[in-house]
Amino acid sequence: MQACTGAATPKIMGSIQYPCTKISINPTNCSLKGSNNLSFTDNSIKISKPISRFSFVSNSLVTGRPPSSVSVPAPGVQDDLSSFEDNELSDADPEVYNIIGKEKDRQFRSLELIASENFTSKAVMEAVGSCLTNKYSEGLPGKRYYGGNEHIDELETLCQQRALEAFHLDGQKWGVNVQPLSGSPANFEVYTALLNPHDRIMGLDLPHGGHLSHGFMTPKRRVSGTSIYFESMPYRLDESTGLIDYDMLEKTATLFRPKLIIAGASAYPRDFDYPRMRKIADAVGAFLMMDMAHISGLVAASVVGNPFEYCDVVTTTTHKSLRGPRGGMIFYKKDTIFGVDLESAINNAVFPGLQGGPHNHTIGGLAVCLKYAQSPEFKAYQNNVVSNCRALASRLVELGYKLVSGGSDNHLVLVDLRPLGTDGARVEKILDMASITLNKNSVPGDKSALVPGGIRIGAPAMTTRGFKESEFVATADFIHEGVQLTLEANKLIPKTKLQEFLKFVASPDFPLRDRLLDLQRRVEVLTTQFPLPGL
């Protein structure tokens, strides 16, 4: 990269602009006393021979290379074992480099159908892999514990503004904290802000599509930390319809008197009735919170219902349908509700309550993601996610599968395999061996989360890679073929425990190996026609 030759002239490195200052090299200037390598006068710099093995990687945001052709050595470091040798990953750690390469190849070849996964952009990865990771910045913009945060403040403020804009929110009425490390920490930070220990909460039961962080517990064990510190009562689906039983939720809430009702799910293929939930919350004097982690991209694009019209607090991850880095956000009304100032309570719960310094590199990537989330292309993508998922669901129904709720309004389908006499764990393994990646999942009525009766299939990731409805119809056919192989394998080794089944199908003598390899080959012929974003 050429040196800058004019004050405040922007030079472009990738998609990020840096202001350039004039640097002149003048060997006649006076030397700074005590320095054997650098001489300074006014804005001039004289560079003598380097004595360190440290050098900047050319044109690299990761190492923080300044916008100049001059490589500045670290002064005063002897050329010994204590010097900092800043190598590329392939040289510094070939073992990790090779593992990353194998994972990149797996992602490229696989039919990636896990509903909580997506492929983020090169621009997001560039921000996440930048010098932002070096800075400590405990606190909020303008209120930091450390100095040197003027640019971090600018970045976080920009991220907050873009978050409100992406979800069409009035900054006079809503605020947002972009520091949560992910979705579960964001949820617990809300609980810490709004509740006292052992206050009562209600969330969708995990076997009925809910999330661990919404208070899951069993008769023998409080599984989630939420259920350890707060008293949890689940609401459930009507098993005859696969839809949330709002009538039972209302009856239970009237008796249980929760202080917080949580909407949101990790495996619910339908939209939520926010007006009904608001009415129930008001009737019992409860806060209403929405965890939109799975559907935040759909909400931003206005292709599903809007929780902000009815909820007091909305949380989300940022790496699922929103297609950003792995982080979280908390949106809150700028109101005092039930005596709680939501803004100060939530911000204090994040820091210093439950977190230390924010991950500024993640906030940088999130800002990039939120800018794209306001584009027409992003809205078109989210519409494609929904239409692709419906095409997948329709084809699975044609093939005879039972879907929880009978279909989908969002980005995922939940398949009940119990009528076929198998389970999600066995099907997940067979499909994984054929380069089809999805996850086993509980369905209503399940007794075990380790050997559940269903599989969850999501559309966001492959839609990002360019799949349309025809490819998702083909995807349903591939899944069906894998399920049929699972049923045949079950007959070959009947009435065995899961671990024995997994060992059997992984053995070199597995009788169905050739057919499984043929399925894998055909899957990879399809997937490798579509590019892998960001890599």
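At a glance:
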read-out	value
Flag for Ala267 being touching a residue at least 24 places away in the same chain (Cβ under 8 Å), small (Gly, Ala, Ser), open to solvent by less than 40 Å² (accessible area, probe 1.4 Å) and under 15 Å from Ser213 (Cβ atoms)	yes
Number of positions in segment 518-533 that are within 26 Å of the chain's Cα centre (by Cα) and crowded, with 16+ Cβ neighbours inside 10 Å	6
Which listed residue, of Arg465, Arg456, Arg515, is in contact with a helix residue (DSSP H, G or I) (Cβ under 9 Å, 6 or more places away or on another chain), surrounded by fewer than 17 Cβ atoms within 10 Å (Cβ to Cβ) and among the basic types (Lys, Arg)	Arg515
Residue among Gly466, Gly458 that is touching a residue at least 24 places away in the same chain (Cβ under 8 Å) and under 21 Å from Tyr268 (Cβ atoms)	Gly458
Segment 368-408: number of residues that are in contact with a strand residue (DSSP E or B) (Cβ under 7 Å, 6 or more places away or on another chain), assigned to a helix (DSSP H, G or I), surrounded by 18 or more Cβ atoms within 10 Å (Cβ to Cβ) and not hydroxyl-bearing (Ser, Thr, Tyr)	5
Hits in segment 176-215 (condition: of a type in the set (Gly, Ala, Ser), crowded, with 20+ Cβ neighbours inside 10 Å and either closer than 27 Å to Gly454 by Cβ or out of contact with any Leu (no Cβ under 8 Å at 6 or more places or on another chain) (or both))	Gly183, Ser184, Ala186, Gly203, Gly209, Gly210, Ser213, Gly215
Unmet requirement for Phe467, which otherwise passes all of (1) of a type outside the set (Asp, Glu); (2) at pLDDT 95 or above; (3) over 21 Å from Ala115 (Cα atoms)	(3)
Sole exception among (1) in a loop (DSSP other than H, G, I, E, B); (2) at pLDDT 95 or above; (3) over 18 Å from the mean Cα position of the chain (by Cα) for Asp86, by number	(2)
Residue in segment 158-170 that is among the charged types (D, E, K, R), closer than 27 Å to Ile244 by Cβ and either assigned to a loop (DSSP other than H, G, I, E, B) or touching a residue at least 24 places away in the same chain (Cβ under 8 Å) (or both) present	no
Asn306, sole failed condition from (1) open to solvent by 10 Å² or more (accessible area, probe 1.4 Å); (2) out of contact with any Phe, Trp or Tyr (no Cβ under 7 Å at 6 or more places or on another chain); (3) within 18 Å of His214 (Cα to Cα)	(3)
Options Phe472, Phe478, Phe501; residue that is within 25 Å of the chain's Cα centre (by Cα), surrounded by 15 or more Cβ atoms within 10 Å (Cβ to Cβ) and at pLDDT 95 or above	Phe472
Flag if Glu103 is in a helix (DSSP H, G or I), open to solvent by 10 Å² or more (accessible area, probe 1.4 Å) and at negative phi	yes
Top-ranked residue in segment 429-453 [being within 21 Å of Val386 (Cα to Cα) and in contact with an Asp or Glu (Cβ under 7 Å, 6 or more places away or on another chain); ranked as surrounded by the most Cβ atoms within 10 Å (Cβ to Cβ)]	Leu438
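The values are calculated or read from the model by the stated rules, or taken from the named source; none is laboratory data. Quantities reported herein were computed from a predicted structural model and do not represent experimental measurements. Every residue, glycine as well, gets a Cβ built from its backbone with ideal geometry; the counts of neighbours run over all protein chains shown. The accessibility values were calculated without ligands, DNA or RNA, using every heavy atom of the protein model including side chains. Shrake-Rupley method; radii C 1.70, N 1.55, O 1.52, S 1.80 Å.
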